[in-house]
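The values are calculated or read from the model by the stated rules, or taken from the named source; none is laboratory data. Predicted model, so just to flag it, every value in this text is computed and none were measured. Neighbour counts are summed over all protein chains in view; Cβ atoms, including those assigned to glycine, are modelled from backbone coordinates with ideal geometry. Ligands, DNA and RNA are excluded from the accessible area calculation, which covers all protein heavy atoms including side chains. Shrake-Rupley method; radii C 1.70, N 1.55, O 1.52, S 1.80 Å.
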Amino acid sequence: MRFIPNFIRPLNDSDEALWFVYHQNRLLIQTGTNGYIVPRLRDLEKFQPSLIRKQFLGSLDQIPCYAAELSDHNLVSGLFAFKDLRALFFGQLEEELVWIAGQANQLVDWNRNHQFCGKCGRQTEDGQDERAKVCPWCHLINYPRVSPAVIVAVIRNNQILLANNIRFKSGYYSVLAGFVEPGENLEECVAREIKEEVGISVNNIRYFASQPWPFPNSLMVAFLAEYAGGKIKTDNTEIREASWYTADNLPSIPPRITIARQLIDWFVQNQ
Ligand SMILES: [Zn+2]
């Protein structure tokens, strides 16, 4: 499957179109025999949903994909259910569809939060030739926001640093991550976040890969770094516990689809 993002919606509505519909940050899905299914237009038409703020996302193997919000979820029943986007990262939906659902979540969130101009407070309009919210009075333009964050595997000889974040609902351990601050480059962000969260210094910081992270609008930029000094001392505001782990003694770790897991898998394969 191949997804091609696009802003310009097709001229004709296809009843084959896939609709990524959210209500209060949860995705509308159908339950099928082999897991979850993203509903097509012909499935949605049966219950005439009250869809608002519709946006075209692009095409998946030439099938148009749309995002929207559902203003009234009371009509949804039977084969339909709402699922938390995070839950879909555990393999109940095809991976390509998870990422489109993530993009839909980012754009639905952005659209909802930019109904009014942040400068003069008047109602905004959709951009004509680009994905933007435009103020017709003061002409302020708001594009969908992407917030860069770094995620880092810190390696010390044959060990990797893994931490349990206070925000993790489940008990899993992962590599450290944090948002980039204004005026800072990615490598400086890596060094600062590691120092702030666990009190150690790192060096030999190098790029690994990147991944969109739709909670709600991050781009995760992944790095490898080597331990350079200091003793682990957690900040206790973000990190509950952090320790060094060898490849043969890992705790519970994130699902395979995540870049956090790809960093941990890289560490394991390179032992
Ligand atoms: Zn304005």
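Details
- So Asn25, is it under 28 Å from Thr258 (Cβ atoms), open to solvent by less than 20 Å² (accessible area, probe 1.4 Å), among the polar types (S, T, N, Q) and under 23 Å from the mean Cα position of the chain (by Cα): no
- Checked against (1) in contact (Cβ under 8 Å) with a residue 12 or more places away in the chain; (2) more than 16 Å from the ligand (Cβ to nearest atom); (3) surrounded by fewer than 16 Cβ atoms within 10 Å (Cβ to Cβ), Ala87 passes all but a single condition, namely (1).
- Some residue of the range 163-182 being more than 30 Å from Glu96 (Cα to Cα) and more than 22 Å from the chain's Cα centre (by Cα): no
- Those residues of the range 224-256 which are of a type in the set (A, V, I, L, M), part of a loop (DSSP other than H, G, I, E, B) and buried (at least 17 other Cβ atoms within 10 Å of the Cβ), in sequence order: Ile253
- Residue check for Arg53: of a type in the set (Lys, Arg), more than 17 Å from the chain's Cα centre (by Cα), at positive phi and open to solvent by 40 Å² or more (accessible area, probe 1.4 Å): yes
- When restricted to residues that are within 13 Å of the ligand (Cβ to nearest atom), open to solvent by 10 Å² or more (accessible area, probe 1.4 Å) and of a type in the set (A, V, I, L, M, F, W, C), the range 129-154 contains 5.
- Flag if Ile160 is open to solvent by less than 30 Å² (accessible area, probe 1.4 Å), of a type in the set (A, V, I, L, M, F, W, C), closer than 20 Å to Leu219 by Cβ and more than 16 Å from the ligand (Cβ to nearest atom): no
- In the range 59-71, the condition of being part of a helix (DSSP H, G or I) and open to solvent by 70 Å² or more (accessible area, probe 1.4 Å) is met by no residue.
- Of note, Gln115 satisfies the criterion of being under 29 Å from Gln211 (Cα atoms), within 16 Å of the ligand (Cβ to nearest atom), free of Cβ contacts under 8 Å to residues at least 24 places away in the same chain and loosely packed, with under 13 Cβ neighbours inside 10 Å.
- Lone unmet requirement of (1) open to solvent by 20 Å² or more (accessible area, probe 1.4 Å); (2) in contact with a strand residue (DSSP E or B) (Cβ under 8 Å, 6 or more places away or on another chain); (3) within 25 Å of Val134 (Cβ to Cβ) for Leu11: (2)
- Any pair with Cβ under 6 angstrom, 6 or more apart, that starts in the range 44-70 at a residue that is of a type in the set (Phe, Trp, Tyr) and ends at one that is open to solvent by 20 Å² or more (accessible area, probe 1.4 Å) and outside any strand (DSSP E or B): Phe47/Leu75; Phe56/Arg9
- Of all residues making up the range 163-182, the number that are within 18 Å of Pro216 (Cβ to Cβ) and modelled with pLDDT of 95 or more: 4
- In the range 178-198, residue farthest from Ala149 (Cα to Cα) [restricted to those that are in contact with an Asp or Glu (Cβ under 8 Å, 6 or more places away or on another chain) and open to solvent by less than 30 Å² (accessible area, probe 1.4 Å)]: Val198
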